[in-house]
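What follows is a set of notes on a single structure, which appears directly below.
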C-alpha cells in the first residue's frame, strides 16, 4: 500500500536527501519564520515516513518547500483535494449574504474538452448529453481571460431581498470596477443593475438608489424584505455590480418568509390573511413550487464566455 509516509519518503530519496539533511533544512526554515513548529527532528520524520504519524500543517509546509513540491500535492497524499472544495460548498448553507473566497486557491477545474458537433447554441440543450469528454484544465491556462476586478458573493439562504429574481443560496459574480450607482428609466427589471453592498450589518444584494447622501437598498417588489436607507458611504459601501449568477431554482426558505412576515406586521402594503407576510401581488397560496435543477454556470472572463455545468447539491 502506497501510504502518505511512503510517498514522502520517495520524494526525499528522489532528491538524494538524508533524514539529517531534511532536519537541518527544517531548522533553517524554523529560524527564518521564528517558529519551532516548522522544524522536523530525525525521530519525527522517521515516524512520519514509517509509522503513519500525521505531520502538522507547519511541518507539511516545511516538507513541501524542502522537496520542491506544491503543498496541494502533499495534502492530496492525505486525502485532501482542494479542487473538491467547490463540491463541498453545498454541505453548508450560511443564512447571511457574504463574500466568497473559498475557491481562490483552486488550481484546476473540470471542463468540457470535446462537444458534440451537432451542438447548436441557438437551441436549448441538455448540456450533459452534448459534452462528449470532460477534462481537468489548469486554471493557469485561463489567466488571460480573467479580470482582477471580479469578486464573488453568496446570497444567504434567508436573504430574500431580491427574491424571486435572485434565489437564496445563489452565487454571484461582482464587477468591483462598477461601483457608481446608476439612475435611469429601465424598461424591465432585468436591465436594472443589481449591486453588492457591504454594511455594518453584513452584505446585501439589491437594487440601489442614491439620494441626498443616502443609499436606498430597494428589494424586489415580490420580496417581503423592507426598503433600507443607509448613509453613504459611512454606513454602506457599494462593492460592485452583479454581472453573473449561478442559481438553482426553488422556493425561498419557509423560515425566512415567516421571520420576514413578522417584521412587516405593521406594513400597510402587506396582506394579513392566509398568506400573511406576502405582498399582495405575490399570490400567497399560489406560489409555484419550482424544481431544483442543475444549471449551466456562465462566467464572463474578459470578453470570452466560459460555460460549464455546475451542480449545487
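The values are calculated or read from the model by the stated rules, or taken from the named source; none is laboratory data. This one's a predicted model, so the numbers in the text were calculated from it and none came from an experiment. In this analysis, Cβ positions are derived from the backbone assuming ideal geometry, glycine residues included, and neighbour counts consider all displayed protein chains.
Observations on the structure shown:
- Among the criteria (1) buried (at least 16 other Cβ atoms within 10 Å of the Cβ); (2) over 30 Å from residue 160 (Cβ atoms), the one residue 37 does not fulfil is (1).
- Tally of residues being touching a helix residue (DSSP H, G or I) at 6+ places or on another chain (Cβ under 6 Å) and modelled with pLDDT of 80 or more across the stretch 80-107: 1
- Some residue of the stretch 152-165 being within 19 Å of the chain's Cα centre (by Cα), under 30 Å from residue 177 (Cα atoms) and at pLDDT below 80: no
- Of all residues in the stretch 194-244, those that are free of Cβ contacts under 8 Å to residues at least 60 places away in the same chain and in contact with a helix residue (DSSP H, G or I) (Cβ under 9 Å, 6 or more places away or on another chain) total 1.
- Filtered residue count, the stretch 211-220, keeping only those that are modelled with pLDDT of 95 or more and either over 26 Å from the mean Cα position of the chain (by Cα) or over 18 Å from residue 167 (Cα atoms) (or both): 3
- Meets criteria (free of Cβ contacts under 8 Å to residues at least 60 places away in the same chain and within 30 Å of residue 205 (Cβ to Cβ)) for residue 10: no
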